[in-house]
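Single-structure report; data block below.
The values are calculated or read from the model by the stated rules, or taken from the named source; none is laboratory data. Predicted, not measured: the structure shown is a model, and the values here were computed from it. Quick reminder, even Gly has a Cβ in these numbers, built from the backbone with ideal geometry, and neighbours come from all protein chains shown. SASA here: full protein model, heavy atoms, side chains in, ligands and nucleic acids out. Shrake-Rupley method; radii C 1.70, N 1.55, O 1.52, S 1.80 Å.
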Amino acid sequence: MFSFTYPYPKSESFKEIFVSSLGAGILVYLFLIIFQPFGTETFHHPYKFLLLFPYCIIFGTAFFIANLMTSRFSNWNIGAELLKIIFILFLGSILSYFYNSLFVSHVQLDLGNYFYMLLYSLAVGIPISIIYILSRYIYLKNIHENTARNISQHLPVSVPKLQENILQISAQNIELSINENYFLCVQSMENYCTFYFLENNIVKKLLVRISLSNALQQIETNSIKKCHRSYIVNLEKVKNLKGNAQGYKLILPEIDFEIPVSRSFISKIIPQLQRQNS
């Protein structure tokens, strides 16, 4: 059953925000010159298409600002995405109104005229946005679920390594040594990290005052990688994989929580898991 609380992937990197904003602006421009709604068809001017181009910049800028403002939010869902789209349309309608009144129609600023511009923006933007949100959600969900299913079916059974590698962690007055074969993951919270590892086939966890970046510098190997801003994981210990619209979650049978894979790390983590299958 559909719910507005379903997780929804948001743009995380500046490059992704810029490219998606550019694409949104271009789509608005193409819509205007192809369908020419709201009296645009009867508007005659030798440079009509050139006069319509600033709407591309306006809505692309609104899209960029909204994505930049929300990029640091966590637990993003479909409802939050819809609210973001409404904000984009509201901001775009304000900027479009000023542009249209001052540079295209040359009319006096009036609240009633802005109300019509807002209605035009909502009438066009909301249906298109809903189609975009749902189609993107379904597409990403299917892609990630199928990839996760294929990888999970072929993940190898863990076998002890012949050569032991001892991970050395130094933090303040703590010196920690963990055999890489028994290391599971690291979970970060602010300036502390919890190390999960096996000791006599029992899961142990140790809270250490250390940043995740510092911990990564000391323990990163071919199989121990950062997969999220709050997690480091031993990919050799991954025995199952789940996929959804936001990305992937790694499952280690020894621990009782799932480890998320940030979208920015998908291109590194997923291919490595696939190589482990071959």
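Assuming R0 = 30 Å, what is the FRET efficiency of N200 and F257, from their Cβ-Cβ distance, to the nearest 0.05?
0.85
Summing charges over all other residues whose Cβ lies under 11 Å from the Cβ of P7, with Lys and Arg as +1 and Asp and Glu as -1, gives +2. Taken along the Cα-to-beta-carbon direction at a fixed 7 Å, the label points for L134 and F115 span 3.1 nm. Estimated purely from DSSP H runs of n ≥ 4, each contributing -39500 (n - 2.57), the mean residue ellipticity at 222 nm for the chain is -16500 deg cm²/dmol once divided by its residues. Take each complete run of DSSP H in the chain, measure how far its Cα atoms stretch along the helix's own axis, and keep only those covering 15 Å or more with mean Kyte-Doolittle hydropathy at least 1.6; list them. Once both thresholds are applied, what remains is 14-35, 48-70, 78-99.
Between L83 and L176, how high is the FRET efficiency from 1/(1 + (r/R0)^6) when r is the Cβ-Cβ distance and R₀ = 45 Å? Nearest 0.05. Provide the component values of the computation, followed by the final result.
Numbers: r = 44 Å, r/R0 = 0.99.
Given R0 = 45 Å and the Cβ-Cβ separation, E is 0.50.
Surface exposure of the chain, expressed per residue as accessible area with a 1.4 Å probe, stands at 59 Å². Springs between Cα atoms under 10 Å define the GNM used for the chain, and in it the highest mean-square fluctuation of T70, T42, T221 occurs at T42. Within the assembled protein chains, the solvent-accessible surface assigned to K204 is about 80 Å², based on a 1.4 Å probe.
With all protein chains in place and a 1.4 Å probe, the accessible surface of the range 1-156 carries 72 percent carbon and sulfur. At a Förster radius of 25 Å, what calculated FRET efficiency corresponds to the Cβ-Cβ distance of I57 and S267, to the nearest 0.05? The computed FRET efficiency comes out at 0.25. Taking H144, H45, H228 in turn, the Gaussian network model of the chain (Cα-Cα springs below 10 Å) assigns the largest fluctuation to H45. Could you tell me which of rounded, prolate or oblate describes the range 1-152, using a ≥ b ≥ c as the square roots of the eigenvalues of the alpha-carbon gyration tensor, with rounded for a/c under 1.5 and, failing that, prolate when a/b is larger than b/c and oblate otherwise? The shape class here is prolate.
What a 1.4 Å probe finds exposed on the range 171-250 is 41% carbon and sulfur by accessible area, rounded to a whole percent.
Rolling a 1.4 Å probe across all protein chains gives R263 an accessible area of roughly 60 Å². The residues E220, E258, sorted by heavy-atom accessible surface at 1.4 Å with ligands and nucleic acids left out, run E220, E258 from largest to smallest.
Neighbours of S74 by Cβ distance under 10 Å: Lys/Arg scored +1, Asp/Glu scored -1, total +3.
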